1. Would you mind stating whether Thr457 is modelled with pLDDT of 85 or more, among the β-branched types (Val, Ile, Thr) and in contact with a Lys or Arg (Cβ under 8 Å, 6 or more places away or on another chain)?
2. Would you confirm, using the coordinates I've provided, whether Phe423 is in contact with a strand residue (DSSP E or B) (Cβ under 6 Å, 6 or more places away or on another chain), open to solvent by 30 Å² or more (accessible area, probe 1.4 Å) and under 20 Å from Val536 (Cα atoms)?
3. With respect to Phe265, is the statement that it is closer than 30 Å to Ser348 by Cα and open to solvent by less than 20 Å² (accessible area, probe 1.4 Å) true?
4. Would you please name the residue that is nearest to Tyr570 (Cα to Cα), looking only at residues in segment 603-622 that are among the hydroxyl-bearing types (Ser, Thr, Tyr) and open to solvent by less than 30 Å² (accessible area, probe 1.4 Å)?
5. Kindly provide the set of residues from segment 308-328 that are open to solvent by 10 Å² or more (accessible area, probe 1.4 Å) and either closer than 30 Å to Asp369 by Cβ or in contact with a Pro (Cβ under 8 Å, 6 or more places away or on another chain) (or both), ordered by number.
6. Tell me yes or no: at least one residue of segment 181-198 is farther than 21 Å from Tyr126 by Cβ, touching a Pro at 6+ places or on another chain (Cβ under 8 Å) and of a type outside the set (Gly, Ala, Ser).
7. I'm told Tyr270 meets every condition in (1) of a type in the set (Phe, Trp, Tyr); (2) surrounded by fewer than 24 Cβ atoms within 10 Å (Cβ to Cβ); (3) in contact with a Gly (Cβ under 8 Å, 6 or more places away or on another chain) except one. Can you identify the failing condition by its number?
Amino acid sequence: MKKTILFSLLLMAVATAFPQGHYYMELIDNKGNRTQTYPNVTDINPEIQQIINEVDTVAIYNSVAWMQQYVRDAYSPEALLTQNWLVEQYESVGLDPSVFYFFADYPNNDTLDAGNVVAIQRGTKYPDEYVVVSSHYDHPDGPGADDNASGTAGVLEIARVLSQYSFDRSIIYINFNVEEDGQIGALEYSKECARQNMNILGVFNLDMLGWYPPEFDTIRMFTSCYHGSRNLYDFYVNVANLYLPETPTGWKTEGETGAGDHHCFFLYEYPALYIGDIEYIQQNPCYHRACDTIGNGFNNFALARAFVQATMAATIELANGTLPPQNLAATCDGQKINVRWDEAADASSYKLFKDNELIAELTENHYEDYEADDGEIHEYHVVAVLPDGSETLESNHDRMHVTQSLTLPFFNDFEENTDGFVFYDTLWKLNDDTPYGNHALANVSQMPRDYFTYAETDWFSIPSASPNATLAFDYYLKGNGYQNNFGYLPYQMYHFMVEATTDRVHWHKLDAVESSSSMWKHREVSLNNFIGEQYVQIRFLVEDLSNSLYERDGEKKSAKIIIDNFTIDYSFLDVTENKYVTFNKVEICPNPASSLIEIFTDIEGQYNVSIYNLMGTKVYEYQYFENGNIDISSLPSGIYFLKVTKGSQSIAKRIVVE
């Protein structure tokens, strides 16, 4: 019997904040693991080899032949017919499928009746750890034999074979609807996985498996991913080349691709791969045309079978394999570096490395490094030693240096230094050539496609008695958004995230800054959820999933990510989550000063002025103030914060009293 699951996944706030029909990434703390590492596969397992040899080309042919009878537009009766047929296929091999329904109105159509078809094969040892094998079944303008009846047939064939065996971890087989109109089915499903904090170890997305240039004699397979999935890519390629050496697998010539449902999982930090014939998509004369049928758009069943076998082998190895230690994190307490990681299954001991040198062999999953207080940034990783003496692959790596806690309120206008910030690449720097001449922390490099970097603060504590805690900063961000051969995708591909952590394992998403602007803006973000925490860090994460170079006046320009007037305060800025305000210019002259200061803003009319000392105590307040002078001669020498407030907008600037 078919089961249905109905989710209403677009929150009202999202629907009202953005134009109807456009889907934006929802900020969800519960998410995948960017640092996921994988089993060490060095030899062919004869049992796995026997299983993948069960892949039946005739079964793949029959599935594609059935689906190519229909133009499976996502909103059509044919899509619903295909959905129900898929349910029957999973039921026929003993699985218990369900349908994940979701709302979709892109690009102006609300007649969606067909959802995602999901069948879960439960693991016997770790049922709450998942491997996902996916495809999309919709196609808007033709038979779609290669795109993507072939990938859907591949998922069905993997399910047909593997459903007859048992595995340690669970396997999710899923066929998405509405891929062709913005990957909405995958977006909504991956969003729900993140909401439920599902532990998805990897996603193998099959999309177009069967077209190969007929003039080529030797068949090769290609795949691609984003930087955050490179560990999964390395694992998959290693397994594929081990089990199918006669059909080698390699990196897609033009690099990563975002044109697939795997992208949506990656948005929520689940490692995911695109697996298919996209290497030759520009050469396929039947791509998205009426001739995409068996023999034309789908012309090579040997290639399709190899893709299915490679995916099946990787799925089994991951579902049954021994994982390296996960979630290694290095934190600081002002005297030493504390390194912790999750216990690894079946581990008898651990080897801990600092800067790639072995520093300890231990049975516990934590270590205190008192030898790290040398002012240097150190990198840590660990491997597990198994009872037979073999070792897992490396855990994720983490870097840390010994530093004292930041003193709050903390402010840096980057006029002279980047004190309080840590950088793990050389692209962040002080820059005095930013728009309008501001001195600021900038990343204005010509960033390559698929770019990832972050700047993080040193650690700090927020007193438990604090009434409010706030992060504020000014920013200037310019990029090109995202566009591929298929037009604009209906959600952001370029990310400028603000995140916070209390353990360096779980990074909580505080804010997502819009992908492009042409002026300075001001941002204020609540840190109230971290009041009382003894260890907190903030980071700016910049991630470009396309190409950040943009073109203006016929010339390529660099993307710009610029941050100024960074403030962490726990006393006087009371703001709501993700507050969007327009930047208003505030100038204080002279600064430093000993008597009179002149305040000039571009705020029309009167506003309020308050001055706070470093303890958060208000020492001066002037209501109904207009641009002019203030006498600060009564204030003791020291550092203060001057806050300008107009309605719901407020900006704090540091002043120095001599």
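1. On the way: modelled with pLDDT of 85 or more: yes; among the β-branched types (Val, Ile, Thr): yes; in contact with a Lys or Arg (Cβ under 8 Å, 6 or more places away or on another chain): yes.
Spelling it out, Thr457 is indeed modelled with pLDDT of 85 or more, among the β-branched types (Val, Ile, Thr) and in contact with a Lys or Arg (Cβ under 8 Å, 6 or more places away or on another chain).
2. It is true that Phe423 is in contact with a strand residue (DSSP E or B) (Cβ under 6 Å, 6 or more places away or on another chain), open to solvent by 30 Å² or more (accessible area, probe 1.4 Å) and under 20 Å from Val536 (Cα atoms).
3. On the way: closer than 30 Å to Ser348 by Cα: no; open to solvent by less than 20 Å² (accessible area, probe 1.4 Å): yes.
It is false that Phe265 is closer than 30 Å to Ser348 by Cα and open to solvent by less than 20 Å² (accessible area, probe 1.4 Å).
4. Across segment 603-622, the extreme among qualifying residues is Tyr612.
5. Hits for segment 308-328 are Glu317, Gly321, Thr322, Leu323, Gln326, Asn327.
6. yes
7. Every condition holds for Tyr270 apart from (2).
For (1) crowded, with 22+ Cβ neighbours inside 10 Å; (2) β-branched (Val, Ile, Thr), each residue gets a yes or a no:
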{"position": "Ser135", "(1), (2)": "yes, no"}
{"position": "Asp146", "(1), (2)": "yes, no"}
{"position": "Ala149", "(1), (2)": "yes, no"}
{"position": "Ala153", "(1), (2)": "yes, no"}
{"position": "Ser163", "(1), (2)": "no, no"}
{"position": "Asp168", "(1), (2)": "no, no"}
{"position": "Ile171", "(1), (2)": "yes, yes"}
{"position": "Phe176", "(1), (2)": "yes, no"}
{"position": "Arg195", "(1), (2)": "no, no"}
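The values are calculated or read from the model by the stated rules, or taken from the named source; none is laboratory data. What you are looking at is a predicted structure, and each value in this text was computed from that prediction instead of being measured. Here Cβ is always computed from backbone atoms with ideal geometry, including for glycine, and neighbour counts include all displayed protein chains. Ligands, DNA and RNA are excluded from the accessible area calculation, which covers all protein heavy atoms including side chains. Shrake-Rupley method; radii C 1.70, N 1.55, O 1.52, S 1.80 Å.
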